[in-house]
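Please read the structure below before turning to the comments.
The values are calculated or read from the model by the stated rules, or taken from the named source; none is laboratory data. Not measured: the values here are computed from a predicted model. Here the Cβ is made from the backbone with ideal geometry for all residues, glycine too, and neighbour counts use every protein chain on show. These accessible areas exclude ligands, DNA and RNA; they are computed on the full protein's heavy atoms, side chains included. Shrake-Rupley method; radii C 1.70, N 1.55, O 1.52, S 1.80 Å.
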Amino acid sequence: MEDQMQEKRPVLIVGAGPTGMAAALELVRFGIPLRVVDKYAEPSGTSRALAVQARTLELMHQRGLADEMVALGNKGLFTTMYAAGKQLGQVDLRQIDSRFNYTLLLAQSETERILREKLEESGVLIERQTELVAFEQPERGSGVQAMLRKGDGSLEEFEATYLIDAEGAHSVVRRAAHLPFDGKSMPNSYALADLHVDGDVAEDQLSIFLASSGLLAAFPMGNRRFRVIATEKEAVDKDAPDPDLDYMHAMWSAGTHIPVAFRNMVWSSRFRINSRAMHQLRYRSVFFGGDSAHIHSPAGGQGMNTGIQDMMNLGWKLALVYRGLAKESLLDTYNEERMPIIRHLVEATERATDLFNSDNPVVHSLITHALPLALSFPGIQQKGATIVSQLGGNYQKSSLSENLRCEGTLQAGDRFPDVVLNEETGTRVLDLLDPSAFTAFCFGGGLEAVKHELTKLTLPIVEHTLPVASDVVRGLLGNSAVAVVRPDGYLLCTGHPSEILNQLRAWTLRWLCLASSGHSSEGTS
Ligand SMILES: Cc1cc2nc3c(=O)[nH]c(=O)nc-3n(C[C@H](O)[C@H](O)[C@H](O)COP(=O)(O)OP(=O)(O)OC[C@H]3O[C@@H](n4cnc5c(N)ncnc54)[C@H](O)[C@@H]3O)c2cc1C
């Protein structure tokens with residue numbers, strides 16, 4: 001394995017936004033040599049993505065980053081919708097099935113700083129003022145040839161084994177390869193400002209105001225600071241200056257019933273929405289993720305979260321293949337697993353944006369009448385919270401989940417929920433899942449033989465023995481004595497000892513390289 005690693009060129013990550021940095025964090029943890037380049041001299045200081053969803057926080061928790069994010073951010077416990085001065089309904093985000101049962105509101109610049117510092121701690125320095133200007137891939141064989149332009153204008157030719165494209169919406173690689181980025185530019189522009197609000201606007205909720213003049217949203221950032229976004233239905237000149245305090249106040253007064261005063265605006269901007277996605281996330285040795293692969297309406301605060309989760313899916317697969325532990329075909333499952341989630345996201349955010357900004361008075365009236373009724377059903381509330389928090393996404397239909405039987409309610413490819421595993425110690429799933437290996441939970445005694453057999457598989461696996469399965473675990477897993485979870489926290493399989501070993505042997509034969517030796521370690525919780 002070491003020899004194979006030494007023969008290989010590094011992985012090149014283009015773009016040091018949240019997607020590129022998440023990719024780098026995943027790969028460096030597996031010891032994969034890499035370079036991260038970014039064309040700008042400084043990181044962006046703007047707050048763009050405010051909403052960090054529960055699933056992202058769960059993944060950050062496993063990487064030791066969630067505590068700082070939560071300490072710095074503000075918790076949105078509800079999403080409340082208003083129209084014509086009345087509350088239409090409220091989604092209670094506290095029912096999200098996670099220890100992070102809220103939407104965390106934290107400036108993207110802070111999320112990026114936390115990722116960057118973790119990378120630096122791991123020995124990875126972002127190469128700034130280094131722009132990818134051209135790239136080539138041989139028709140046959142593997143590898144990528146990239147042309148990088150430095151700040152002083154000099155050019156460097158660099159050969160990489162794989163390239164992760166995290167360049168954002170205007171990807172040079174995607175364009176150079178003539179890969180489609182289908183979708184549409186949506187009507188309307190949006191005015192945005194981060195400012196201080198004096199007035200009766202709740203700080204523990206995301207407030208959404210529906211008016212015939214368009215949608216207006218207020219996201220609390222803590223200490224009376226808010227992000228205000230308002231639809232501009234009137235065409236705004238392309239060269240118009242960024243919105244100022246008076247302009248934002250006029251938009252607020254037209255769209256809401258709450259009297260406020262605005263001050264201390266630290267950032268304002270204007271944006272239009274493009275709703276587009278690639279057809280394929282893999283192009284031979286190049287993998288696309290984040291905004292370079294999918295852009296959409298910021299409705300629901302999903303974009304950055306999705307980019308980070310793209311990389312949590314790709315990272316372990318690329319690392320195993322790079323190290324010669326897994327077959328190349330494992331890399332195709334990145335597209336297979338993430339693409340359905342991306343397609344659904346782009347369609348859903350497009351539909352929601354069209355609907356809430358509709359000029360049609362009948363549609364507007366239907367929404368304002370239907371929403372209170374819909375939100376009075378707990379099932380609909382729960383479903384909405386699960387979708388927005390990104391906890392509902394699963395890989396059940398992936399070929400990685402094929403032929404893997406599960407006994408309880410949890411299926412192969414489902415997120416393994418953060419339930420209490422051991423009622424005596426209070427140990428929970430997220431505290432034990434290892435993002436650098438498969439995790440096997442063995443419940444009850446007499447499993448020495450299984451544990452011994454697990455170590456013989458070519459799977460990097462960590463075992464945790466728990467005295468008995470808690471009631472909630474029995475509900476999820478039935479009477480299974482063993483559950484194996486993927487490095488990205490999704491269930492691989494469950495079963496009785498002999499059954500699970502057969503399943504794992506077949507899975508290993510299909511996806512892993514048998515010539516290499518796996519590793520394993522044990523823990524007792
Ligand atoms: C107003 C607004 C609000 C939003 N709110 C949310 C929200 O609440 N929650 C959420 O999840 N998402 C939100 N988003 C979306 C979120 O900001 C993006 O999805 C996220 O920034 C994507 O990250 P990325 O790393 O893929 O791309 P980017 O953040 O665009 O980063 C790309 C990086 O690549 C670099 N780069 C580009 N080209 C090259 C090149 N050729 N060579 C080298 N480097 C290059 C750039 O300098 C940049 O640093 C919002 C977006 C907007 C506009």
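For region 317-349, which positions are of a type in the set (Lys, Arg), touching a Leu at 6+ places or on another chain (Cβ under 8 Å) and either in a helix (DSSP H, G or I) or buried (at least 21 other Cβ atoms within 10 Å of the Cβ) (or both)?
Correct list: Lys317, Arg338.
Look at Gly303 and say whether it is at pLDDT 95 or above, within 29 Å of Asp239 (Cα to Cα), near the ligand (Cβ under 8 Å from one of its atoms) and in contact with a His (Cβ under 7 Å, 6 or more places away or on another chain).
Yes.
Tell me which of these Asp194 doesn't satisfy, since it passes every other one: (1) of a type in the set (D, E, K, R); (2) within 14 Å of the ligand (Cβ to nearest atom); (3) under 30 Å from Gln87 (Cα atoms); (4) surrounded by fewer than 18 Cβ atoms within 10 Å (Cβ to Cβ).
In the conditions (1) of a type in the set (D, E, K, R); (2) within 14 Å of the ligand (Cβ to nearest atom); (3) under 30 Å from Gln87 (Cα atoms); (4) surrounded by fewer than 18 Cβ atoms within 10 Å (Cβ to Cβ), Asp194 misses (4) alone.
Tally up the residues in region 136-155 that are open to solvent by less than 50 Å² (accessible area, probe 1.4 Å) and either β-branched (Val, Ile, Thr) or in contact (Cβ under 8 Å) with a residue 24 or more places away in the chain (or both), please.
Residues that pass the stated criteria total 5.
Conditions: (1) more than 21 Å from Leu59 (Cβ to Cβ); (2) within 12 Å of the ligand (Cβ to nearest atom); (3) among the hydrophobic types (A, V, I, L, M, F, W, C). Val286 meets all but one. Number of the miss?
That leaves (2) as the condition not met.
Are any residues in region 405-436 more than 18 Å from the chain's Cα centre (by Cα), more than 18 Å from Thr465 (Cα to Cα) and modelled with pLDDT of 90 or more, and if so, which ones?
Thr409, Leu410, Gln411, Ala412
Among (1) farther than 27 Å from Ile342 by Cα; (2) open to solvent by less than 40 Å² (accessible area, probe 1.4 Å); (3) touching a residue at least 40 places away in the same chain (Cβ under 8 Å), where does Asp204 come up short?
(2)
Just a yes or no: is a residue in region 32-49 basic (Lys, Arg), closer than 29 Å to Leu391 by Cβ and over 14 Å from the mean Cα position of the chain (by Cα)?
yes
If you take the residues in region 353-378 that are under 32 Å from the mean Cα position of the chain (by Cα) and assigned to a loop (DSSP other than H, G, I, E, B), which one is surrounded by the most Cβ atoms within 10 Å (Cβ to Cβ)?
Filtering region 353-378 for residues that are under 32 Å from the mean Cα position of the chain (by Cα) and assigned to a loop (DSSP other than H, G, I, E, B), the one surrounded by the most Cβ atoms within 10 Å (Cβ to Cβ) comes out as Asn357.
Can you pull out the helices (runs of 4 or more DSSP H) entirely within region 1-106 that have at least 1 residues that are modelled with pLDDT of 95 or more and open to solvent by 10 Å² or more (accessible area, probe 1.4 Å)?
Qualifying helices (runs of 4 or more DSSP H): 18-29, 54-62, 66-72.
Residues are listed down the side, and each one gets a yes or a no for (1) crowded, with 21+ Cβ neighbours inside 10 Å; (2) assigned to a helix (DSSP H, G or I); (3) among the acidic types (Asp, Glu):
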residue: Lys238; (1), (2), (3): no, no, no
residue: Asn274; (1), (2), (3): no, no, no
residue: Ser297; (1), (2), (3): yes, no, no
residue: Met312; (1), (2), (3): yes, yes, no
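Could you grab me the full set of residues in region 68-114 that are small (Gly, Ala, Ser) and free of Cβ contacts under 8 Å to residues at least 24 places away in the same chain? Full working, then the answer.
Looking only at region 68-114, we keep the residues that are small (Gly, Ala, Ser), and these are 71, 73, 76, 83-85, 89, 98, 107, 109.
Hit for region 68-114 is Ala71, nothing else.
So Pro187 ticks every box in (1) within 16 Å of the ligand (Cβ to nearest atom); (2) loosely packed, with under 15 Cβ neighbours inside 10 Å; (3) closer than 30 Å to Met248 by Cβ but one. Which box is left unticked?
(1)
Cβ-Cβ distance below 8 Å, separation of 6 or more or different chains: which pairs start in region 406-427 with a residue that is within 17 Å of Gln503 (Cα to Cα) and touching a residue at least 60 places away in the same chain (Cβ under 8 Å) and end on one that is open to solvent by 50 Å² or more (accessible area, probe 1.4 Å) and of a type in the set (Lys, Arg)?
Hits for this filter: Gly408/Arg474; Ala412/Arg405; Gly413/Lys397.
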